[in-house]
Structure formats: C-alpha cells, structure tokens
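Notes for the one structure printed next.
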Amino acid sequence: MRRKNLDHELIQGYIEEALFKLMEKKDFEKISVGEIAEVAGVHRATFYRHFTSKEDVVVQYLSNLLTSSQDQALLKINFKAYILPVFQTLYDHKREMLCIHHAHLSSLLSHVLEDYFDFHELSLPTEKQSHLDQEDYAMAYRIGGIYFCLVLWLCHDMGETPEEMAQMAASL
C-alpha cells in the first residue's frame, strides 16, 4: 500500500527504516532504490524528492541523530559532557549503526562529525592570517580521533558503554 500526503520527516523516516530493514537481509550494494521505496510504501520518485542516493539516506540519518544530541555551549566548557550524548545517541541506535558499519559505510561518519563540530565552517586563511591557529588544528585532531574511536567501537560491536567511550575520548 502506497503512503500519500505525508510530511517530509515522516517520509524520510519510512525510507530510512526501509533501508535498514533491507540492510539486515542483504548487502548494501545489492539494494536498489526501487526496493527501498517499495518497503517504505512510497513511489521511487518520492525517494528522489527526499534523497539523492542510498548513501544520502545514511548521511541524513546520521546527521539527524547527531543534531538531536548537540549542545554547542558544552563544547568549550566540558568536552566529555559534550561528546557523551553523541556516544549515547549512537548506542541507542546500535542496530542501525552496526548495519552502517557492516555495509562499509562508516566513513560517512567523518563528514557528519565535521558538521557536528561546525568544522566545515572554518574559512581558509586570509591574506592577513597566513595560517590556521592552534585551535583549528586541535579541533581537526579531535574530530579525527573521535571518528576513529567510533570506528573501533563499531568494530567491537559497541561493546563499551557510552560513558566509557566518552571518558576515553575526553582523555585523549
């Protein structure tokens, strides 16, 4: 049965859930947009109104997850308190995260983390500023470290608690 007259977020959710159901049964590369649309109960054209590709579904899913856990004010005050909701949110969606990892799509997390930390908004040095300052390099280092901690955590089927992961990330 086709779903009609639904809002953007609802359709997005149906498509995301359909993709994860299919990823539990078959390889990501073998899943077609038509299959996703069919399982989601929407037309293929509806899929393309909301997403550009299967990978875009995963990126949007990850981005929405992390955005829901974001509190920018904590970043400069208490890094552990800032990063704990990230680990907790990902842990709360363990099934989907492990599907993403097993489909070899963990690399999509790095771009989402850049957005989460607003790292992409750093501008290139101007004529007056010939180099990036130490804070910029520290943030790049931290994002890379968190990304690889997340990948390692996924490789171990998220065996550590979110609290343990936040403590490790904050101590590095």
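Residue selection: Asp133 satisfies the criterion of being modelled with pLDDT of 75 or more and either under 11 Å from the mean Cα position of the chain (by Cα) or surrounded by fewer than 16 Cβ atoms within 10 Å (Cβ to Cβ) (or both).
Here region 40-66 is the region considered, the condition is being polar (S, T, N, Q) and more than 9 Å from the chain's Cα centre (by Cα), and the residue that is nearest to Leu105 (Cα to Cα) is Ser53. In the condition set (1) at pLDDT 90 or above; (2) in a loop (DSSP other than H, G, I, E, B); (3) of a type outside the set (Asp, Glu), Leu62 is compliant with all but (2).
Which one is modelled with the highest pLDDT among residues in region 114-130 that are surrounded by 16 or more Cβ atoms within 10 Å (Cβ to Cβ) and out of contact with any Lys or Arg (no Cβ under 9 Å at 6 or more places or on another chain)? Looking at residues that are surrounded by 16 or more Cβ atoms within 10 Å (Cβ to Cβ) and out of contact with any Lys or Arg (no Cβ under 9 Å at 6 or more places or on another chain), I get Glu114.
The values are calculated or read from the model by the stated rules, or taken from the named source; none is laboratory data. For clarity, every value in this text was computed on a predicted model and none was experimentally measured. Glycine gets a Cβ as well: all are built from the backbone with ideal geometry, and neighbour counts include every protein chain shown.
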